[in-house]
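What follows is a short report on a single structure.
The values are calculated or read from the model by the stated rules, or taken from the named source; none is laboratory data. Please read these numbers as outputs of a predicted model, since none were measured by experiment. Neighbour counts are summed over all protein chains in view; Cβ atoms, including those assigned to glycine, are modelled from backbone coordinates with ideal geometry. The area values use the complete protein model at the heavy-atom level, side chains included, leaving out ligands, DNA and RNA. Shrake-Rupley method; radii C 1.70, N 1.55, O 1.52, S 1.80 Å.
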Amino acid sequence: MGRPSQHLDRQLLASGRALFAQTGCAGLSVRQLAAHAGVSPGMFHYHFDSKEQFLRTLLQELYDEMFAGLQHDAVLEGPAIERLHAALNGLASFVREHRGVIARVWHDAASGEEVAREFLRRNAPRHLRLLMSLLDRASAEGSLSAQPPLQALALLMGAVIAPLLIVPGFVSLGITAGFGARAVDEQVLSDPAIDLRIRHALLALGAERSSIRERVAS
């Protein structure tokens with residue numbers, strides 16, 4: 001017999017998103033989740049076989065949202081460099097919104113949490129392959145110069161994505177040389193700041209200025 005409602009499992013998953021950045025895999029408890037979601041612990045076990053299954057579902061749903069947007073941007077009409085630009089903007093926006101969860105997943109994986117390690121092994125190659133295919137296509141079209149693929153990918157990730165995860169951490173630790181949260185928002189996290197880093201990274205990979213669109217933030 002099928003489960004009569006998916007409403008409570010959605011509440012639990014929403015609570016998981018809210019709590020995971022602080023707790024990580026090990027610290028997230030069923031009782032804590034149930035209390036945050038306003039349901040009984042028994043309802044957690046009704047919808048999920050274990051905490052590990054819950055964590056796998058939580059992380060996979062979040063990733064699938066990101067990857068669907070990335071795929072959408074990758075197949076838009078137009079030159080590959082424009083599609084790469086759009087995909088990087090979409091990926092960066094997602095990382096900015098969910099940076100606490102993403103940073104925690106990497107921390108947990110580095111600490112040996114098997115759910116986090118399994119999640120990254122299964123999913124990280126998917127978006128990396130997609131970005132590398134766009135890089136290859138842009139190079140084939142003559143929009144970018146030929147580069148060792150991992151070198152090009154590392155440059156893009158280091159320029160566009162890494163600051164979204166690293167610089168806010170500097171603020172929380174008080175090691176930003178006088179730059180506060182407002183400066184970080186404007187110069188690192190904002191749409192124009194992200195777009196500027198993308199354009200600079202593509203120029204470094206050999207793009208012509210005329211081939212790089214500038215995103216106008218709404």
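Below is a table of values for the structure above.
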{"quantity": "Residue ranges of helices (runs of 4 or more DSSP H) in segment 130-213 with at least 1 members basic (Lys, Arg), modelled with pLDDT of 90 or more and within 18 Å of Ala87 (Cα to Cα)", "calculated": "191-204"}
{"quantity": "Residue match in segment 104-124 (condition: charged (D, E, K, R), within 30 Å of Glu208 (Cβ to Cβ), assigned to a helix (DSSP H, G or I) and out of contact with any strand residue (DSSP E or B) (no Cβ under 6 Å at 6 or more places or on another chain))", "calculated": "no"}
{"quantity": "Boolean, Ala86 is assigned to a helix (DSSP H, G or I), in contact with a helix residue (DSSP H, G or I) (Cβ under 6 Å, 6 or more places away or on another chain) and without any contact (Cβ under 8 Å) to a residue 24 or more places away in the chain", "calculated": "yes"}
{"quantity": "Residue count, segment 161-183 (criterion: open to solvent by less than 80 Å² (accessible area, probe 1.4 Å) and within 22 Å of Met66 (Cβ to Cβ))", "calculated": "8"}
{"quantity": "Residue in segment 47-59 that is assigned to a loop (DSSP other than H, G, I, E, B) and either buried (at least 20 other Cβ atoms within 10 Å of the Cβ) or touching a residue at least 12 places away in the same chain (Cβ under 8 Å) (or both) present", "calculated": "yes"}
{"quantity": "Looking only at segment 143-160, and only at residues there that are touching a residue at least 40 places away in the same chain (Cβ under 8 Å) and not hydrophobic (A, V, I, L, M, F, W, C), the one that is surrounded by the most Cβ atoms within 10 Å (Cβ to Cβ)", "calculated": "Ser143"}
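Residues are listed down the side, and each one gets a yes or a no for (1) modelled with pLDDT of 95 or more; (2) under 30 Å from Pro192 (Cβ atoms); (3) in contact with a Lys or Arg (Cβ under 7 Å, 6 or more places away or on another chain); (4) of a type outside the set (D, E, K, R):
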residue	(1), (2), (3), (4)
Ser5	no, no, no, yes
Leu13	yes, no, no, yes
Met43	no, no, no, yes
Tyr46	no, no, no, yes
Tyr63	yes, yes, no, yes
Val75	no, yes, no, yes
Gly90	yes, yes, no, yes
